[in-house]
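Shown next, in structure tokens, is the structure this report addresses.
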Amino acid sequence: MTLLREAIGDSLRRARLAQSRTLREVSTSARVSLGYLSEVERGRKEASSELLAAICEALDVPLARVLWDVSTTIAGEELPVAAAPGRGAAEPATVEPAAEPATSEPAPAGAAASMSAGSARPQVDGDTRIVIPAPNNGPLVLVEAA
């Protein structure tokens, strides 16, 4: 289980490294000591909301992006797992597609991509959330839904 302060530190470090900036540059810009920023990035210190906002501003990264990155990281760790048949190791649980409706109705306004001829892809309504954990080893890239 990842602690919140560790996930915040990882996110801040990835953002800083993606910009090829040093701890010294960011600490000067955020007006926080180099040692303290290092401790925050390593997950050793719990950053206050004011300090976190200053670091995000120094990195020119919205605080919401960092919090989103952290929440997806933590949510990814809390997804249910099911033991694979015949193995001792746990694997992520799979979700079976819903059965096709008996009647042919148009897709709801929030439905996912249209179904092509002969395709058996389930439709997803606008209230469904799909969470994909962010990678832990690279910068986070956000893409808005069409």
Quiz item: Once phi is turned into ³J(HN,Hα) by the Karplus curve 6.51 cos²θ - 1.76 cosθ + 1.60 with θ = phi - 60°, what whole-Hz value does each residue of the range 6-15 show in order, with x for glycine and proline?
Solution: 6, 5, 5, x, 4, 5, 5, 5, 4, 5
Quiz item: What is the set of long-range amide H partners of Gly43 at a cut-off below 5 Å, with H atoms built 1.01 Å from backbone N?
Solution: Gly9
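Under the 0.36 nm per residue contour assumption, what length would be gained going from the current alpha-carbon distance of Ser38 and Arg24 to full extension? Spell out each step's value before the answer.
Numbers: separation 14, 0.36 × 14 = 5.04 nm, distance 0.95 nm.
Length gained, Ser38 through Arg24: 4.1 nm.
Read the figures in this text as sums done on the coordinates, not as results from a lab. All figures in this text were calculated on a predicted structure; none of them were measured in a lab.
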